[in-house]
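The values are calculated or read from the model by the stated rules, or taken from the named source; none is laboratory data. The structure presented is a predicted model; accordingly, all values stated were derived computationally and were not measured. Cβ placement follows ideal geometry from the backbone for every residue including glycine, while neighbour counts extend to all protein chains displayed. With ligands, DNA and RNA removed, areas are computed over all heavy atoms of the protein, side chains included. Shrake-Rupley method; radii C 1.70, N 1.55, O 1.52, S 1.80 Å.
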Amino acid sequence: MPGYNHYADCLCGWCVNYGRRRQAPRLNHDVAYARAALERYGVKTDNFASCFVRPNASCPVCGAKVFFYANERGSRVYFDHLGRPWPKHGCTDGRKGFGYWPPRGEHPPMSRRSKGEIDDIIDNLAKVGDEDVRSRTQARFNAAPQTVLVVEDSVRSGFQSWVIARELVGATGDRFGFGFDAAKFEPMAGDLFAYDGERISFFSDSGKPSKPYRASVQDASAIEAEIARRRREGGQRT
């Protein structure tokens with residue numbers, strides 16, 4: 001029953017609760033604890049990579065948790081997410097006018113979360129009703145999440161390259177071997193690349209989209225043997 005001079009659909013405390021003291025809504029502690037845990041982990045419900053890789057830096061402009069990556073080619077980048085289209089964090093994207101580049105070694109290398117951490121993150125996402133991180137990530141970055149790996153070792157002969165890489169973003173965190181052909185590109189230890197099930201795409205800091213290469217996944221031990229054989233035969237540089 002609405003109060004005097006109140007609209008029939010008034011939602012004030014008097015009209016809704018007939019003049020009695022309005023009770024505070026009951027807090028769902030499981031959901032509250034789950035949200036707090038996800039925030040502590042640095043997990044965002046529209047960022048698939050954050051479920052598997054610890055953000056290793058904070059943006060020097062806005063303070064957001066981000067992924068910092070540096071390699072021997074001179075790249076120093078803050079990423080919002082890992083994998084194609086390799087979205088740089090807007091505050092520090094030189095193409096947008098900021099161009100802040102921190103010194104090399106200012107942040108620790110990116111590292112994959114432990115299995116216990118990943119399991120706990122998945123459990124907490126279910127508690128808050130945000131299990132579909134993959135779809136939210138695709139909507140945000142306009143690209144389906146991919147497996148992301150970091151090169152541990154590689155060798156090149158002619159146009160052929162073989163790499164050993166460890167999974168950063170993906171189900172297992174295992175080591176995999178890949179073989180692919182590229183006329184001009186030579187992989188190096190520390191390079192990041194994404195794999196969509198058929199092609200691999202290395203991060204490129206040139207401002208142009210990275211070129212995908214059709215690749216075959218092979219047993220890591222077989223690729224290690226191939227790398228060792230190629231080095232014995234021709235002294236290929238890594």
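Miscellaneous remarks
- Restricting attention to segment 177-188, the residues being without any contact (Cβ under 8 Å) to a residue 60 or more places away in the chain and surrounded by fewer than 21 Cβ atoms within 10 Å (Cβ to Cβ) number 8.
- Screening Q160, Q138, Q146 for residues that are out of contact with any Cys (no Cβ under 8 Å at 6 or more places or on another chain), open to solvent by 20 Å² or more (accessible area, probe 1.4 Å), over 24 Å from W86 (Cβ atoms) and not hydroxyl-bearing (S, T, Y) leaves exactly one candidate, Q160.
- The single condition among (1) out of contact with any Ser or Thr (no Cβ under 8 Å at 6 or more places or on another chain); (2) open to solvent by 30 Å² or more (accessible area, probe 1.4 Å) that A165 does not meet is (2).
- Out of P102, P108, P87, sole residue that is at pLDDT below 90, within 30 Å of A189 (Cβ to Cβ) and open to solvent by 60 Å² or more (accessible area, probe 1.4 Å): P108
- Y213, sole failed condition from (1) outside any loop (DSSP other than H, G, I, E, B); (2) open to solvent by less than 80 Å² (accessible area, probe 1.4 Å); (3) closer than 24 Å to V53 by Cα: (3)
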